[in-house]
1. Hey, can you tell me all the residues within the stretch 93-127 that are under 25 Å from residue 187 (Cβ atoms), among the hydroxyl-bearing types (Ser, Thr, Tyr) and touching a residue at least 40 places away in the same chain (Cβ under 8 Å)?
2. Can you pull out every residue in the stretch 93-111 that is crowded, with 20+ Cβ neighbours inside 10 Å and part of a loop (DSSP other than H, G, I, E, B)?
3. Has the stretch 71-92 got at least one residue that is without any contact (Cβ under 8 Å) to a residue 24 or more places away in the chain, touching a strand residue (DSSP E or B) at 6+ places or on another chain (Cβ under 8 Å) and under 21 Å from residue 186 (Cα atoms)?
4. Read through the list (1) among the aliphatic types (A, V, I, L, M); (2) in a loop (DSSP other than H, G, I, E, B); (3) over 18 Å from the mean Cα position of the chain (by Cα), then give the number of the only condition that residue 126 fails.
5. Given the options 16, 24, name the one that is assigned by TED's automatic domain parsing to the domain that holds residue 167, at pLDDT below 80 and at positive phi.
6. Here's a check for you: in the stretch 128-155, which residue that is over 19 Å from residue 166 (Cβ atoms) and of a type in the set (D, E, K, R) is surrounded by the fewest Cβ atoms within 10 Å (Cβ to Cβ)?
7. Starting from the stretch 185-209, keep only residues that are outside the structural domain of residue 163 (by TED's automatic domain parsing) and β-branched (Val, Ile, Thr), then list their pairs with residues that are part of a loop (DSSP other than H, G, I, E, B) and surrounded by fewer than 11 Cβ atoms within 10 Å (Cβ to Cβ) whose Cβ atoms are within a distance under 6 Å, requiring at least 6 positions of separation or different chains.
8. Among all residue pairs at least 6 apart or on different chains, which show Cβ distances below 8 Å where the first residue, located in the stretch 140-161, is assigned by TED's automatic domain parsing to the domain that holds residue 127 and β-branched (Val, Ile, Thr) and the second is in a strand (DSSP E or B) and loosely packed, with under 11 Cβ neighbours inside 10 Å?
Amino acid sequence: MLVWISESNREGSICNARRFYCANIRLRLSSFACAAAWAGPAPNALYVGFTTAGNSDIGMYPLTPQVVPFGKEFAPATDPQSFTIAGGKLYWIDGVRVLDANLDGSGLSVLDTFGIDPTSIAVNSAGGQLYVGFTTAGSNDIGVYPLTPEASGKKFAPATDPQSFTIAGGKLYWIDGVQVLDANLDGSGLSVLDTFGIGPTSIAVSVAPPTVPEASTWVMMLLGFAGLGLSGYRASQWRAAVAV
């Protein structure tokens, strides 16, 4: 399911193609993420960032359609942006900082503090990497950092206005101005996927998983190999008999 902040209702409803989630939230939403981990009775969770004065925090809601949203505070925040979930944790930008916490709100920590505001992040939990985009004059690039507090990083790729990071199929995808680019997670293989006449605002990537043969296919393959082996054995026995 693809979920997004509705552009048609700036009051902050969150919707998919058929239903509204957390309908009629009267605050400006800054970012959100969904995860299959809810501490209450519901099986799923929706994490929503708010930046309205007096309500700057992150809320946690059941991922079920409801007219009056009921949730709880997940974490205090000033300007929560660019949520992403990876490796059982929620990561987000808050001002000049990148923070993380467990999906139940425990274990809140500051991963990095920068001298300028980052614009977007992505997390490769398997490789222990944090990708951060910057658009401040003189610092327009993408950096890659270890997933350890206040660790130093290195430049991943040059950029002008990196936005909307997403990781799929072992690659990092992002928007830069009117272009959509991708690169391998080590920074190699940088390429431009598309160039548009106007600047896109957000992207998502669906990558088909590798095809795994079904059990019946494995059985047929094994029987085939066994048949070949038996044929070869019989042929060798026949040659030996003829030679005698």
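1. Within the stretch 93-127, 119, 120 qualify.
2. Within the stretch 93-111, just 103 meets the criteria.
3. No; the residues of the stretch 71-92 include none that is without any contact (Cβ under 8 Å) to a residue 24 or more places away in the chain, touching a strand residue (DSSP E or B) at 6+ places or on another chain (Cβ under 8 Å) and under 21 Å from residue 186 (Cα atoms).
4. (3)
5. On the way: 16 fails: at positive phi.
Answer to the selection: 24.
6. For the stretch 128-155, the residue satisfying everything is 154.
7. Close Cβ pairs satisfying both conditions: none exist.
8. Hits for this filter: 144/154.
The values are calculated or read from the model by the stated rules, or taken from the named source; none is laboratory data. All values derive from a computational prediction rather than experimental measurement. So basically every Cβ, Gly included, is an ideal-geometry build from the backbone, and we count neighbours across all protein chains shown.
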